Amino acid sequence: MWWLYLLSLLLPLLSAQTYHWGPCPSPKVQPGFSLQKYLGRWFEITKLPASFESGKCIEANYALREDGTIQVLNKQMWRGRSIEGTAVVTDPKEPAKLGVSFSFLSPVGTYWVLYTDYTSIAVVYSCTDILRVSHVDYAWILARSRFPSEETMRNATEILEKAGVKPCELIPTDQTGCLDDTM
């Protein structure tokens, strides 16, 4: 029963998250994923609630470093915030499954590309296991433009739904009034 006590301490930290009982699921990822095609600038269109993301005009830029790791530069219009992290392909047999960390102190989180066409849309899923008793879901729909078409969004939302993410839990990211500077 010690784990119930620990879980009761962790639940308040998860209030802005989407958590569920049981271990993390394993949705299918993009077959034949090409990291080279995925690199570049993506705009966050919608997501599951995440306490570490607030503000508007959220975007990410992925660039390959000389050492083979991926620079992750997340930026949002809220006090001019940006954060840099590192991503790595955790298994060369499944290059759509990345591990991401934003500091040496934080554990490596999952970043799984469920789908992308590389030129307009990407559907990303992440999950954090809590002692295999519960898990926290994160999911994002990213686009190469701030305002993707309704049809593109509908298709991306269906992919998340097939992965077990409830579309009603997604919240849109405000992409209006953004500065269109490059990262």
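The values are calculated or read from the model by the stated rules, or taken from the named source; none is laboratory data. Bear in mind that the values here come from a model prediction, so they are computed numbers and not experimental data. Neighbour counts are summed over all protein chains in view; Cβ atoms, including those assigned to glycine, are modelled from backbone coordinates with ideal geometry.
Could you tell me which residue of the stretch 102-119 is farthest from Ile159 (Cα to Cα), considering only residues that are aliphatic (A, V, I, L, M) and surrounded by 13 or more Cβ atoms within 10 Å (Cβ to Cβ)? Taking the candidates together, the pick is Val108.
If you check Leu105, Leu170, Leu179 for being hydrophobic (A, V, I, L, M, F, W, C) and at pLDDT 90 or above, only one passes: Leu170.
Can Ala87 be described as of a type in the set (Gly, Ala, Ser) and at pLDDT 85 or above? Yes. Residues in the stretch 108-131 that are among the β-branched types (Val, Ile, Thr), part of a strand (DSSP E or B) and modelled with pLDDT under 95: Thr110, Thr128, Ile130. When only residues in the stretch 75-101 that are hydrophobic (A, V, I, L, M, F, W, C) and either crowded, with 16+ Cβ neighbours inside 10 Å or touching a helix residue (DSSP H, G or I) at 6+ places or on another chain (Cβ under 7 Å) (or both) count, which is nearest to Tyr38 (Cα to Cα)? Among those that are hydrophobic (A, V, I, L, M, F, W, C) and either crowded, with 16+ Cβ neighbours inside 10 Å or touching a helix residue (DSSP H, G or I) at 6+ places or on another chain (Cβ under 7 Å) (or both), it is Ala96.
The set of residues in the stretch 16-52 that are within 17 Å of Ile141 (Cα to Cα), modelled with pLDDT of 80 or more and among the polar types (S, T, N, Q) comprises Gln30, Thr46. The set of residues from the stretch 135-179 being among the hydroxyl-bearing types (Ser, Thr, Tyr), in a loop (DSSP other than H, G, I, E, B) and within 14 Å of the chain's Cα centre (by Cα) comprises just one member, Thr173. Inspect the stretch 53-68 for any residue being modelled with pLDDT of 95 or more, among the small types (Gly, Ala, Ser), closer than 22 Å to Thr152 by Cα and surrounded by fewer than 19 Cβ atoms within 10 Å (Cβ to Cβ) and give the result as yes or no. No, the stretch 53-68 contains no residue that is modelled with pLDDT of 95 or more, among the small types (Gly, Ala, Ser), closer than 22 Å to Thr152 by Cα and surrounded by fewer than 19 Cβ atoms within 10 Å (Cβ to Cβ). Would you point out the residue of the stretch 137-160, among those that are of a type in the set (D, E, K, R) and surrounded by 13 or more Cβ atoms within 10 Å (Cβ to Cβ), that is nearest to Val123 (Cα to Cα)? Within the stretch 137-160, the match that is nearest to Val123 (Cα to Cα) is Glu158.
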